[in-house]
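What follows is a short report on a single structure.
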Amino acid sequence: EEVGISPHTLRHAINNYKHSHQKSFNWLIGSSELQSTVVIDGEVTELQLDQLFPELNTFTGKKGNVEKVGNGYDWEQVENRLESLRRVTIMPQKDATKITHLVNWDDLRFISLSLSVILGSIFLMILLKSLGLPKSTFIPLAPLGGIASYFTSMAGLKYFFDKQKRKFNSITQLITDTLSNPVQHRIMVDEAPEEQEENQAQQSRNKTRS
């Protein structure tokens, strides 16, 4: 109060603090991770989590594994083809909830860059040899093919980085929206068809009464 900022305003600003590690793409070594931390008002409830995890499964197109960690939860999903590891950690705190979203595709980056260097060097060495250059010439020049192939592969990783960043931002927004504005019921992916029909019928009856 003495500095002209009310405790309520200060608390609201702190609770909605968002820290993001969405660094720009590194053209030298490549970038393979995105991470953000969001703190929202209020402690998350079991009902909200029951709504969130199916939303994540539906949006990403693949069911994630849910594990209780302390008083919070981890939702983790491993993409096929070495694409990425995605983890969402929901940690209730006093009158707030901390949300950490992480996605990492370091395996894909390592394999892509390593193969590009090897194949690029071999390709240039074979090309120079076919042109009749002596061994003392084409072997020292072979690494140049690896370097050229390395940065060509980097362009592909930049495209993948931008694609992952857009998806990352959409999922982060989905998480905060779902936990900040929960609906009364969302269909769970694990529900049997009979349970889905029963829940839908109940919702219809509730709307009719209102």
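Assorted remarks:
- Between PHE59 and LEU47, full extension at 0.36 nm per residue minus the direct alpha carbon distance yields a gain of 2.4 nm.
- Extending 7 Å from the Cα toward the beta-carbon at both SER114 and SER136 defines two label points whose distance is 3.5 nm.
- Residues with amide H under 5 Å from that of GLY42, placed H, sequence gap 5 or more: ALA96, THR97
- Solvent-accessible surface (1.4 angstrom probe) belonging to VAL39, in square angstrom, nearest 10: 20
- Region 21-60: chymotrypsin sites (Phe, Trp or Tyr not before Pro) in DSSP coil with no more than 10 other Cβ atoms inside 10 Å: none
- Exposure rank, largest accessible area first [VAL38, VAL117; 1.4 Å]: VAL117, VAL38
- In this view, the solvent-accessible surface of SER130, computed with a 1.4 Å probe and all protein chains in place, comes to about 90 Å².
- Computed from the Cβ-Cβ distance with R0 of 30 Å, the FRET efficiency linking VAL66 to ASP162 stands at 0.55.
- With every protein chain in place, region 24-68: carbon and sulfur % of accessible area (1.4 Å): 53
The values are calculated or read from the model by the stated rules, or taken from the named source; none is laboratory data. Keep in mind that what you see is a predicted model, and the values were worked out from it rather than measured. We place every Cβ from the backbone using ideal geometry, glycine too, and count neighbours over all the protein chains shown. Protein only, heavy atoms only, side chains kept; ligands, DNA and RNA dropped before computing areas. Shrake-Rupley method; radii C 1.70, N 1.55, O 1.52, S 1.80 Å.
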